[in-house]
């Protein structure tokens, strides 16, 4: 069946900010879909609140709405745009839920808009566990025994039905939010409560546990002619009980006989037909009993998912792109396979390598969080690796993770403790399993402890056994074929990485590159999608074009997310315009950069010195770009340069001049710029002396960190001592930096581009939250909304002077702090920053593209970017946090970054833009009701104006004692309420009763006692979805926004309209 | 060692034997035991494109015949610690027991690319140290598959009755309760064909390949089945003759070599493919419905499309979408049809298993007419 001619305009729903369970895989799928639809001449309307996505670049859609993903806004956009259809299956659970919400309001019916991909009934059937159960039973599939709960009182009945341990799964949540496993009755009651709160429809499925069963996933596609194909099978290394997003997974499935695999395949085909996914991809999860092969269906997602992104990268079959084409009427046999060109997409990919995905966790950021893994996803990112054997693939994956591990690193842990830790899956279980074998446990015992399939364990055991052979003149080729890194071999054989590399080169032990081709080499591959392995034949076939390698960002983690992938992709786009061949290196399967369609050539490889050097040796590029991928490639700049690799853009020496404390201080002195008093301490004693000289509070942190890792504000020497004892180990090699903390300063971020001769400001962003909150966690406004003009001018001047003095070629980010009339330089990073996508969208100039071209030798003048763009509208960025995934973790912000993603609000004034950003971040500011106020002493005068505004707008105030007294002095009425430690009814009770519309609650950063008392109140607000503000400046911005909201309706605006203004 | 003189060094596993055969590759990611025991691989060395082989060991249930007829088995990584509740023996022990040599550790992808470019060719498995020139000669001296009759090596000596169904088949309930008698020619038949026939309502008598048409008709079957098997269909002219004698007398269903033999009996010609189709992911386009079935295929020869197109009484029912190869055939008037792919799967997807039921309904209609 050819394309449907009646679909001329389609609205695509994106997935919004990056959160745990929903990351940049949906930018990958959405971008593919946008391109695929545009190719067919369809007008695409896009809604997505996340500015750091490629899909929201104005050229990827006809109409781009960076607007909150809420039903009201979508309804407004549908009214304006009147598309023929809505495609909701490429934006994750967020898009499905949103489509469901507008459909239920009758909007689609009223406007005559069709839902394509998956219909309402299919979405409901797949998501509503009760309906799904019934449907599965109809087609003869077993599902775990379960019991449906809508109120806490049904706990006993549920337990009787399923027994312990029991799985708790709330309906309609993503990434398993609110889900858990209960081993005792007590745990069960608590978890059930939590689950009921998390479900938007207050429904929880209590399920029989299939802990210890093997877990498999099938990626399925169906077209309108009812052709069904399986794209990929995936086997989880971890047994059932660990969320698949947190599991180490392997493709294809390894431990199934053909009889068993075909049974799953038949089931998958029946399931996609029964659920009725009309066209597109679905992900189906199965549990298989390891002892008798019994199969139960765990769940089905009627949309593309994280697993389908993985499956696309693992096989070379672009699921999202094909799904988009199927949605507009094509059938699989009408779509060509891009890689082979001659064969159609109606086949099942076969692969001749092993793919391993390993999740990346961020527990170090949330010390109070439970680090055990369960049914709710906790990882923040992942890596994928490709090897010819599982052993090679696994070891490549380990060194891709960027946790300073280059294989199975040894752990120093007593044996009994090791056994204990193995019993419950944790983020670091691979290293634990490796250590278990090193300590002499056998595969049978490790299997008993972990329930991991013996097939995987035997391979790990073989790798550990091999370690003993790696001494002296060991068999290098054999070790490399097993996937050992040079670093790990050096550690095992007591030499250096350089010596191992030199020996390899001497002996000709170098990797070859093989192609990912969907077909196991049966047909010729025209797409250079490559991975390294130690084999005979190399298929890289490098060209002799002028080419540039761009190093990607590696796994997502807090502090390094999709923003850097955005920059890498734009780097490619920019260089392509100048006629370069572009070569991407990255190991993050969620990204747009690892779509083989993005760059001319893709190397899916770990971002380590060894792996990058091998690619450089094969490709012999004109240069390598390290400044787009964040900290990951930046760490490689100096070693690559030492190895003779040409680095494009700002020189590694200039980078060092900006990062080295002393050299940087000299630079500022030379330019006459201010810096907060600071120093470097190499011992505890030195830190004490330094802090006393500077004066408390001080900001302390280890040198060379990203995302404010282990950064703290300490108010006195006791706190400093505790920090030095618990948070860092200071030594001459690992100094600690001590800075004066600028209280109540306004922080400002600037992104600029410099070509060495001229520097142009990209954007100046004034932070909403005061200095002391990590810049990645702070909301900000472009242009500045409160700074006087002369201060902004001073910031401009300082930025330009620093860029020219450093000799920056490419992007630069500067953080300033403004206290009264003084501008302080906090830090300079001569590289792409987290804010580049936001700024690019706000000013309508793709900064990273311009920067890439500058790095390759063009001048700014040449490129026509010579003056700062001053937009007529206001753009506000807000951060999005993962607190809801970590029960018991406080929601307060501080100098350590905790956000996983961001949203953007754009409108004609600050208040409206801020309101949109808040709404997009899930905080729908109220226009009436009661405000609960409890602020620390210093904030009281600063918050007065905001509270007056709220009272004028008709809000009632409820305040704790001190705050209420202060308000009374200022003639503002407020009802008193107890703090939590003063007894019920207190602040938390009020929230839980639903009596509060907005919470304003501030405590001093670093004041642990005050924070502890108010933590449960903030948690309650978070859990019940009551908007809360934890800073005075945030409260002021919110009050301004509320005033605008009450003054008139906020309307969505398309980017295309802004930029032509 | 390939006939083109290239040497591929690896480690040996399985039986300690030196032997040669035509080297082909198979792209299925599961089901190596079914492949090993498929008599259609007689005379061939099979290279698996999926690198980790041996993962699930072997078990008696997954055997497609009572023996191993292939000449050698080549894998990238031979796994000797099987993990499956069904496993009874390791792959290594199984190959030893059946006298088949294995090679692991070679760059199988490079080997596959070589075969893809240069076409299927002879290869010889030998221990290291053997003189290269002599090996090359032996590899080059291997007889071509063209003109080779391998059917006599693999067919049953005696006729027998088959009763066993397929415990792994999802119960479709589509099969009619009425049972018919079918005689199945064993050109190298896979057990799963017999299981599927049984499931679809047939009582099956398996007969040796050289059983005459008269002897078969004497058994008074409701239909005749022509099985898969190894080698070149034109090397078994006697089988073609027998089938020609049966066409028009009984409803006929053929698979793989059986399909080619039927095609030749109906006046078609056969061509040799460069490296054949061996895998479980081939797109078979069904012309009647426009649907695409994912099929298991294993053939080095095929019926020539042009020769069939010239015949008014024949109709091509399926084609392979990758290269347009003929994958299915039927007679326009007679209840006679055949497919090149394997509806019995094993290994492979079950998309086309309905064809056994289709055979059942053809016979039902034929009986009703009679």
Please work out whether the stretch A:731-792 counts as rounded, prolate or oblate from its C-alpha gyration tensor, where a ≥ b ≥ c are the square roots of the eigenvalues and a/c under 1.5 means rounded, while otherwise a/b larger than b/c means prolate and anything else oblate?
-> oblate
On average, how many beta carbons from a partner chain sit within 10 Å of the beta carbon of a residue in A:352-358?
-> 3
Classified through the alpha carbon gyration tensor (a ≥ b ≥ c as square roots of its eigenvalues; rounded if a/c is under 1.5, else prolate when a/b is larger than b/c, else oblate), the stretch A:564-702 comes out prolate
Expected sort for A:96, A:505 with the fewest Cβ neighbours (10 Å cutoff) up front is A:505, A:96
State the antiparallel share, in %, of DSSP beta bridges confined to chain A, rounding to the nearest 5.
-> 70
Point-to-point label distance, residue B:16-residue B:354, nm (Cα→Cβ direction, 7 Å offset) = 5.4
Normalising by the residue count of the stretch B:63-190, find the relative contact order in percent from Cα pairs under 8 Å and 6+ residues apart.
-> 24
Tell me, A:952, A:416, B:215, A:57 in order of fewest to most beta-carbon neighbours within 10 Å?
-> A:416, A:952, B:215, A:57
Full-extension gain in nm, residue A:797 to residue A:1024, via 0.36 nm per residue minus C-alpha separation = 77.1 nm
Please work out how much length the chain gains when fully extended from residue A:469 to residue A:211, using 0.36 nm per residue of separation minus the C-alpha to C-alpha distance, in nm with one decimal.
-> 89.2 nm
Once the Cα gyration tensor of the stretch B:151-369 is found, what semi-axes does its equivalent ellipsoid get, as square roots of 5 times the eigenvalues, in whole Å, sorted largest first?
-> 23, 20, 17
For helix B:237-246, report the angle its Cα long axis makes with the longest principal axis of the Cα atoms of chain B; keep it between 0 and 90° and round to the nearest 10°.
-> 20
Determine the principal axes of the Cα atoms in chain B, then give the extent along each, sorted from largest to smallest and rounded to whole angstroms.
-> 67, 47, 40
Here the FRET efficiency for residue A:40 versus residue B:305, based on Cβ atoms and R0 = 30 Å and rounded to 0.05, is 0.40
Computed over the stretch B:11-140, Kirkwood Rh from alpha-carbon pairs, angstrom | 14.7
Out of B:15, B:110, B:120, a Gaussian network model of chain B with alpha-carbon springs under 10 Å gives the largest mean-square fluctuation to B:110
Relative contact order (%) - criterion: Cα under 8 Å, at least six apart; region: chain A | 10
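Let a ≥ b ≥ c be the square roots of the eigenvalues of the Cα gyration tensor of the stretch A:372-479; is it rounded (a/c under 1.5), or, if not, prolate (a/b larger than b/c) or oblate?
oblate
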Angle between chain B longest axis and helix B:108-118 axis [Cα atoms, degrees, rounded to 10] = 60
What ranking do A:11, A:125 get, fewest neighbouring Cβ atoms within 10 angstrom at the top?
-> A:125, A:11
Summing -39500 (n - 2.57) over every DSSP H run of at least 4 residues in the protein assembly as shown and dividing by its residue count gives a helix-only mean residue ellipticity at 222 nm, to the nearest 500 deg cm²/dmol, of -10000 deg cm²/dmol
Rg/Rh for the stretch A:107-261: what does it come to with C-alpha atoms and Rh from Kirkwood?
-> 1.01
Semi-axes in Å, largest first, for the stretch B:4-46 (Cα gyration tensor, √(5λ)) are 19, 13, 12
Under the definition of partner shielding as Cβ atoms of other protein chains within 10 Å of a residue Cβ, what is the mean value for peptide B:285-295?
-> 4
Inter-chain shielding metric for A:384-391, i.e. average beta-carbon neighbours from other chains within 10 angstrom, reads 3
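Pairs of Cα atoms under 8 Å, at least six residues apart: use those to get the relative contact order of chain B, whole percent.
16
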Any idea how far apart residue A:1012 and residue B:179 come out in nm if each label point goes 7 Å out from Cα toward Cβ?
-> 7.9
Compactness ratio of chain A: Cα Rg over 2.2 N^0.38 Å, N = residue count?
-> 0.90
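Every read-out reported here was derived from the displayed coordinates using simple, explicitly stated rules and does not represent laboratory data. Computed from a predicted model, the values in this text were never measured in an experiment. Note that we place each Cβ from the backbone using ideal geometry, even for glycine, and neighbour counts take in every protein chain shown.
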